[in-house]
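S.K.: Would you mind keeping the following structure in view while I ask a few things?
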Amino acid sequence: MHVDFLPDIILGNIFSYLSLQDLRNSSLVCKRWYSILNDEDNDVWRLHCIHKLAEEVLSSDLLSSTPTYKTKLKAFHHAWNPEDCSRNIYIKPNGFTIHRNPVAQSTDAVRGKIGFSHGRHAWEVVWEGPLGTVAVVGIATKEATLQTQGYIALLGSDDQSWGWNLVDNHLLHNGDSQGNYPMLNNAPKYQVGERIRVILDCDDNTLAFERNYEFLGVAFRGLPEKLLYPSVSAVYGHTEVSMVYLGPPLDG
């Protein structure tokens, strides 16, 4: 039987065995294939999610901000990089959460799998354990260090990283405090479990944050035109931090 006569459900099952690169190429073949692959919640993407993602994470609320199977799969491919983190950090089986081992007098960091130099991108960070004395969320280049002795704000300690210390509400870059954030009198401190949305605008070279869907304003301007990676640094033993990539931010 010619492929043109195959039912959509059969084509979908065939597509589920292709790599993501092959799926991108397949979507360019004809309008019908594009239509099938443009449906982000069909069996193609559902089966890919089942093959790639742990059942635990698919049934949890961690990916509640990624409503379709395709966006969940995209989040997985942007998640924390197990090959790009401190030796004192490991990625949990769900693929989205780091666990920091209880190592004394050490600060440890991790980067995401994919960096950005163009476009606008948003991701959520959730601190699922104690913050300790320093807990920083932000971005870093590949040149930023991922481990150091002592308990410091590692993310933001050099000119290759930019961070927001959730413990004292300070912005950090190049080893210096860039002021309080957000710019509010008696700004509330981060509470464990709250969702921080990080918004990187590579077209405008800015970094901003939201907390519980409230926009807090631009934190950093004049970012370099380099690959910038989602990153966090932590000091507290057994603390866990999850990151979920969302795609382009929704304005308004």
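The values are calculated or read from the model by the stated rules, or taken from the named source; none is laboratory data. Owing to the predicted nature of the structure, the values given are computational and were not obtained by experimental measurement. We place every Cβ from the backbone using ideal geometry, glycine too, and count neighbours over all the protein chains shown. The area values use the complete protein model at the heavy-atom level, side chains included, leaving out ligands, DNA and RNA. Shrake-Rupley method; radii C 1.70, N 1.55, O 1.52, S 1.80 Å.
S.K.: Say a site is exposed when it is one of the chymotrypsin sites (Phe, Trp or Tyr not before Pro), sits in a DSSP loop, and has at most 16 other Cβ atoms within 10 Å; what is then the longest site-free stretch of the chain?
M.R.: For chymotrypsin sites (Phe, Trp or Tyr not before Pro) (loop position, at most 16 other Cβ atoms within 10 Å), the longest site-free span of the chain is 18-150.
S.K.: On alpha carbon coordinates alone, what is the Rg over Rh value for the range 3-74, Rh being the Kirkwood radius?
M.R.: Taking Rh as the inverse mean 1/r over Cα pairs, Rg/Rh reads 1.00.
S.K.: With each label point set 7 Å from Cα along the Cα-Cβ vector, what nm distance links residue 54 and residue 17?
M.R.: Label at residue 54, label at residue 17, 2.9 nm between them.
S.K.: Ok, one more. Under the rule a/c < 1.5 gives rounded, and otherwise a/b versus b/c splits prolate from oblate, where does the range 158-215 land using the Cα gyration tensor? Provide the component values of the computation, followed by the final result.
M.R.: Numbers: a/c = 1.80, a/b = 1.21, b/c = 1.49.
Cα axes put the range 158-215 in the oblate bin.
S.K.: Here's something else I'd like to know. Please list 3J(HN,Hα) in residue order for the range 215-226, calculated via the Karplus relation 6.51 cos²θ - 1.76 cosθ + 1.60 where θ = phi - 60°; whole Hz, with x for glycine and proline.
M.R.: Calculated HN-Hα couplings, in order: 6, 9, x, 6, 9, 9, 10, x, 5, x, 8, 10 Hz.
S.K.: Moving on. Where Lys and Arg each count +1 and Asp and Glu each count -1, what net charge lies around residue 72 among other residues with Cβ under 11 Å from its Cβ?
M.R.: That sum, taken over residues with Cβ under 11 Å, equals +2.
S.K.: By its C-alpha gyration tensor, with a ≥ b ≥ c as the square roots of the eigenvalues, how is the range 66-129 shaped: rounded for a/c under 1.5, else prolate for a/b larger than b/c, else oblate?
M.R.: Cα axes put the range 66-129 in the prolate bin.
S.K.: Sticking with this one: Please give the contour-minus-distance gain from residue 29 to residue 8: 0.36 nm per residue of separation, less the Cα-Cα distance, rounded to one decimal in nm.
M.R.: 6.1 nm
S.K.: Taking Rh as the Kirkwood radius computed over C-alpha pairs, what is the Stokes-Einstein D of the range 138-236 at 20 °C in a medium of viscosity 1.002 mPa s, expressed in µm² per second?
M.R.: In µm²/s, the coefficient is 155.
S.K.: Given an 8 Å cut-off on Cα distances and at least 6 residues of separation, report the relative contact order of the chain as a percent.
M.R.: 23 percent
S.K.: Determine the equivalent ellipsoid of the range 81-247 by diagonalising the alpha-carbon gyration tensor, then write out the semi-axes as square roots of 5 times the eigenvalues, largest first, rounded to whole Å. Before the final figure, lay out the partial values.
M.R.: Details: eigenvalues 89, 64, 50 Å².
Semi-axes (√(5λ), whole Å): 21, 18, 16.
S.K.: Keeping every protein chain in place, order 203, 108, 22 by accessible area at 1.4 Å, biggest value first, i.e. largest first.
M.R.: On the way: 203 110, 108 0, 22 70 Å².
Ranking 203, 108, 22 by accessible area, largest first, yields 203, 22, 108.
S.K.: While we're on this one: Just reorder 173, 77 by solvent-accessible area, largest first, 1.4 Å probe, all chains present.
M.R.: 77, 173
S.K.: Please state, as a whole number in µm²/s, the translational diffusion coefficient that the Stokes-Einstein equation yields for the range 28-160 at 10 °C and 1.306 mPa s, with Rh defined as the Kirkwood radius across alpha carbon pairs.
M.R.: 94 µm²/s
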